[in-house]
Amino acid sequence: MVEGDRAAIRWHSSGTHVNSFLGVPPTRRHVEVSGATFARFEGDRIVEEHVTWDPRALLSALGVIRVGQD
């Protein structure tokens, strides 16, 4: 969604964990994460950006933590 000099973008990303990430050795697991980016533009440049997502979803997909499985 774009309004004036601001934009809100909902995004999804997926991939396979094939390299070390934050000290976690490759798991070869398929991972999916999603989030939102809020940006403000001046001309054709992004001058302010805020990204929100749940890193627990990624860590859970990698098998590093368990979420909601008590």
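The trypsin sites (Lys or Arg not before Pro) of the chain meeting both criteria, a DSSP state outside H, G, I, E and B (loop) and at most 15 other C-beta atoms within 10 angstrom of the site's C-beta, are 28, 29, 66. Each label point was placed 7 Å from the Cα along the Cα-to-Cβ direction; for residue 16 and residue 33 their separation is 2.0 nm. Only helical runs count toward this figure. For the chain, summing -39,500 (n - 2.57) over DSSP H runs of n ≥ 4 and dividing by all residues gives -2500 deg cm²/dmol at 222 nm. Where Rh denotes the Kirkwood radius from the mean inverse Cα pair distance, what is Rg over Rh for the chain? Taking Rg over the Kirkwood Rh, I get 1.12.
Just so you know, all these numbers are worked out from the coordinates, no wet-lab data involved. Remember, it's a predicted structure, so these values are computed and weren't measured experimentally. All Cβ positions, glycine included, derive from the backbone under ideal geometry; neighbour counts span all protein chains shown.
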